[in-house]
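Undergrad: This is the structure, below, for whatever I ask next.
The values are calculated or read from the model by the stated rules, or taken from the named source; none is laboratory data. Small disclaimer: the values here were computed from a predicted structure and weren't measured. Reconstructed Cβ throughout: ideal geometry from the backbone, glycine too, with neighbour counts over all protein chains shown.
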Amino acid sequence: MTEDAVIRQMSRDVVIQRLAKRFREEMGTPDIDVDSEAFTDYLLKYKVQAPRPRTERELLAQVAKKALKHEVRHDSVTGNEYRGWHAVQFEEDTETGQLRWRYYDIDHAPRFAMEKSAAFKIRSMVHDGVRVALDVAHWNRINAGKEEPIDVTKQLDLRLSVGVEMAARELDRQEDDDDHPTDDA
């Protein structure tokens, strides 16, 4: 079976990954980045199937999720920012296999929803940390003796970073309060 025949039988993601390697080799740049526009033209040349166009409903749902995800509110007592809406996975769509989510207004969310939302976000942070650690370990290995190794262990302990960021936000809030005293002062 030819390489092209094998590629046609793979998932779209695997096809794109394999073609990226071939694209870099054909362009004579096997060790550098891929220009996304030129690579897209290359994928079209190989008739890689584009995702199906989204329906109006799907596009609107995507916009709605983004709008809810990005709403930032301010605590009336502390002045701290917080996200207004929190997503909680509740089922998988049997037709598409996509996860379905419900959005809870944090000011009215039941405890289970906030616990589930926080746990999901923390799992996501852990997953990202593992990926970063594995990526850096690989880079360190292949560049041993050529470059100084990158150490991400301190950055991956987020407790200090979160504490510093929270303290900086509190300091900024206090400075804003000093710059804009209330009429009571």
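Undergrad: Restricting attention to the stretch 1-32, which residues are of a type in the set (Asp, Glu) and either out of contact with any helix residue (DSSP H, G or I) (no Cβ under 9 Å at 6 or more places or on another chain) or modelled with pLDDT of 85 or more (or both)?
TA: Asp4, Asp13, Glu25, Glu26, listed by residue number.
Undergrad: Confirm whether Ala67 is of a type outside the set (D, E, K, R) and modelled with pLDDT under 95.
TA: So Ala67 does not fit the description; no.
Undergrad: Confirm whether Arg73 is among the basic types (Lys, Arg) and touching a Gly at 6+ places or on another chain (Cβ under 9 Å).
TA: Answer is yes for this residue.
Undergrad: Name the single residue that is surrounded by the most Cβ atoms within 10 Å (Cβ to Cβ) among those in the stretch 73-106 being among the aliphatic types (A, V, I, L, M) and in a loop (DSSP other than H, G, I, E, B).
TA: Checked the stretch 73-106; the qualifying residue surrounded by the most Cβ atoms within 10 Å (Cβ to Cβ) is Ile106.
Undergrad: Take the stretch 11-65 and flag every residue that is in a loop (DSSP other than H, G, I, E, B) and among the basic types (Lys, Arg).
TA: Hits for the stretch 11-65 are Lys47, Arg52, Arg54.
Undergrad: Would you call Ser124 touching a Phe, Trp or Tyr at 6+ places or on another chain (Cβ under 8 Å) and either exposed (fewer than 10 other Cβ atoms within 10 Å of the Cβ) or among the small types (Gly, Ala, Ser) (or both)?
TA: no
Undergrad: Name the residue that is surrounded by the most Cβ atoms within 10 Å (Cβ to Cβ), counting only residues in the stretch 28-72 that are in contact (Cβ under 8 Å) with a residue 24 or more places away in the chain and over 21 Å from Met10 (Cβ atoms).
TA: Leu68
Undergrad: What is the residue count in the stretch 89-112 for residues that are touching a residue at least 12 places away in the same chain (Cβ under 8 Å), in contact with a Phe, Trp or Tyr (Cβ under 8 Å, 6 or more places away or on another chain) and farther than 27 Å from Leu156 by Cα?
TA: Residues meeting the conditions: 7.
Undergrad: Being farther than 30 Å from Gln62 by Cβ and assigned to a helix (DSSP H, G or I) is true for just one of Glu115, Glu165, Glu175, Glu147. Which residue is that?
TA: Of the residues listed, the single one that is farther than 30 Å from Gln62 by Cβ and assigned to a helix (DSSP H, G or I) is Glu175.
Undergrad: Further question on the same structure: Which residue is nearest to Lys65 (Cα to Cα), if the candidates are limited to the stretch 119-154 and must be touching a residue at least 24 places away in the same chain (Cβ under 8 Å) and of a type outside the set (Phe, Trp, Tyr)?
TA: Met125
Undergrad: Continuing with the same structure: So which residues in the stretch 155-176 are without any contact (Cβ under 8 Å) to a residue 60 or more places away in the chain and touching a Gly at 6+ places or on another chain (Cβ under 6 Å), if there are any at all?
TA: Passing the criteria: only Leu156.
Undergrad: Oh, and also: In the stretch 131-163, what count of residues is obtained for those that are loosely packed, with under 12 Cβ neighbours inside 10 Å, at pLDDT 95 or above and β-branched (Val, Ile, Thr)?
TA: 1
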